[in-house]
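Have a look at the structure below, then the notes.
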Amino acid sequence: ESGKNNLPKVVLTTPNSLCEVYLHGAHITSFKTNNKKVEHLFVSEKSIFQDLKAIRGGIPLIWPQFGPGSIQTHGFARNIDWEISRVFVNDKSQSVEIEFTLHSSEYSQKIWGVTNEFKTTYTVTLHADHLDLGFDVRNVGQIPIEFQLAFHTYYSISDIENVHVLGLKNRDYIDKLDNMKIVKEQRRELTVRSEVDSVYLNVVPEQNYQPLQLVDLGRKQTVTLTYDYQNIPDVVVWNPWIEKSKKMDDFQDDEYKQMICIEVGVINKPIKLTTNQLFQTKHSIIPSPMPAKEPS
Ligand code: TA6
C-alpha cells in the first residue's frame, strides 16, 4: 500500500502483532504487539519520507558504512529503494516473513567508490510477540568488499527519565562525545540524562551473562535484544538530547524524551568478504511485560 508521501510500504500482521516496512531503505517504521496496541518503535513527527533521505526513526539499515562514509553518512542502504523478493506465511509458527533484496548498481558503486558487485538480502519475520531480522551479503564480484552494518533502532519509550539499559556493565565503549576516548562502563543500569553517543565494543556473552535489555519503568516493559554476537558484536547507545535535537530538521526539539537508540552491529572491525563469500547475521527484538520485581 502507499504510505507517507505515497512511498510504497508493506504491512505484515499476525493476530497479535503488526510490522510496517517501507521499500525505501527496507525501512521498518512500526512494530506493534499486545493485540497490535503497543508500538515499540519511534518515528519522528517531522520525518521526511522522500528519496535519498533516511526516514528519522524506526529501524534504519546502516550499510555498508557506519558514520561518515565515502559520500553519505551511514551508507546508502537506507536511502534507496529495495525490492521485495519473497513473502512467506508460516502457519505453524504463526509468523509472516518478507525478504527484500538490494543489488549492486552504478549508483551503489558510485557511492561506494569501487565497482563492488554484491547481493544483499534483508529478511523481516514478524512473530506474534517478537521480530526477527536477518541480513545477508554475498560478494558476487571479483574483488573483495568490506563493510560495516548496524540496525539503528529507535525505541519508543514512555520518557527518557523512566528507562535504563542492562547488559553493558564492564564493557569498553568509544565515547564519540569525548574524542573517541575508550571508557569502561561501570554502571549495571545505564541511564540517560544528557547527550550520549557510545559505541560498546565486542559485547559478547560472559559467565552469568546479562542479556542486552531496555527496561521502561513507565511502560512496565522490558525489550530484550538478541543478536549473532560472533558477527555483529558492537552495540551503540545514542540519544541526541536537547542541543542536537534542535539541530536536526527532521526531529522535534522535545522528541529526545520519547526515544532511545540501541543499535546492534559490526562497527569496530568491518567485515571483509572475498569473491563469492556469504555473510549472514540476525538480530531479534523481544518485548515482554517487566517482571514484578527486577531480578536481583
Ligand atoms: O548511531 C549514532 C549516530 O552515529 C550519531 O552520531 C548520530 O549521527 C546518529 O547516528 C544519527 O545519524 P543520522 O545520519 O541518521 O542523522
Express the carbon and sulfur contribution to the solvent-accessible surface of the stretch 1-100 as a percent, rounded to the nearest whole number, probe 1.4 angstrom.
-> 47 percent
Reduced to Cα centres, the span from the stretch 32-50 to the stretch 106-157 in Å works out to 22 Å
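For a test of the definition: using alpha carbon positions, the gyration tensor, and the 1.5 limit on a/c, classify the stretch 210-296 as rounded, prolate or oblate. Don't skip to the answer; put the middle values down first.
Details: a/c = 2.97, a/b = 1.26, b/c = 2.36.
In terms of gyration-tensor shape, oblate.
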Rounded to the angstrom and largest first, Cα extents along the principal axes for the stretch 49-109 equal 44, 26, 21
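Taking a ≥ b ≥ c as the square roots of the eigenvalues of the Cα gyration tensor of the stretch 19-138, is the shape rounded (a/c under 1.5), prolate (a/b larger than b/c) or oblate? Walk me through the numbers on the way to the answer.
Numbers: a/c = 2.64, a/b = 1.48, b/c = 1.78.
The shape class here is oblate.
Quick one: accessible area per residue over the chain, 1.4 Å probe, rounded to a whole number of Å²? Write out the running numbers ahead of the final one.
Details: 13350 Å² over 296 residues.
Here the per-residue accessible area is 45 Å².
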How long are the three semi-axes of the equivalent ellipsoid for the stretch 106-188, computed from the Cα gyration tensor as the root of 5 times each eigenvalue, in whole Å, largest first?
-> 33, 22, 12
D (Stokes-Einstein, µm²/s), Kirkwood Cα radius, the stretch 215-263, 1.002 mPa s at 20 °C | 166 µm²/s
Amide H neighbours of Val43 under 5 Å, counting only residues 5+ apart in sequence or on other chains, H built in-plane at 1.01 Å?
-> Gly58
Take every Cα-Cα distance within the chain, group them into 5 Å bins from 0 onward, and report for each bin the whole-number percent of pairs it holds.
-> 1, 5, 12, 17, 19, 18, 14, 9, 4, 1, 0, 0
Under 17 Å from a label point 7 Å along Cα→Cβ of Glu243: give me every residue in the stretch 191-216 with its amide N that close.
-> 193-198
Residue with peak Gaussian network fluctuation, the chain [Cα springs, cutoff 10 Å], from Pro68, Pro233, Pro144 | Pro68
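The values are calculated or read from the model by the stated rules, or taken from the named source; none is laboratory data. Predicted model, so just to flag it, every value in this text is computed and none were measured. No Cβ is skipped: glycine too gets one built from the backbone with ideal geometry, and neighbour counts run over all protein chains shown. Only protein heavy atoms, including side chains, enter the accessible area calculation; ligands, DNA and RNA are left aside. Shrake-Rupley method; radii C 1.70, N 1.55, O 1.52, S 1.80 Å.
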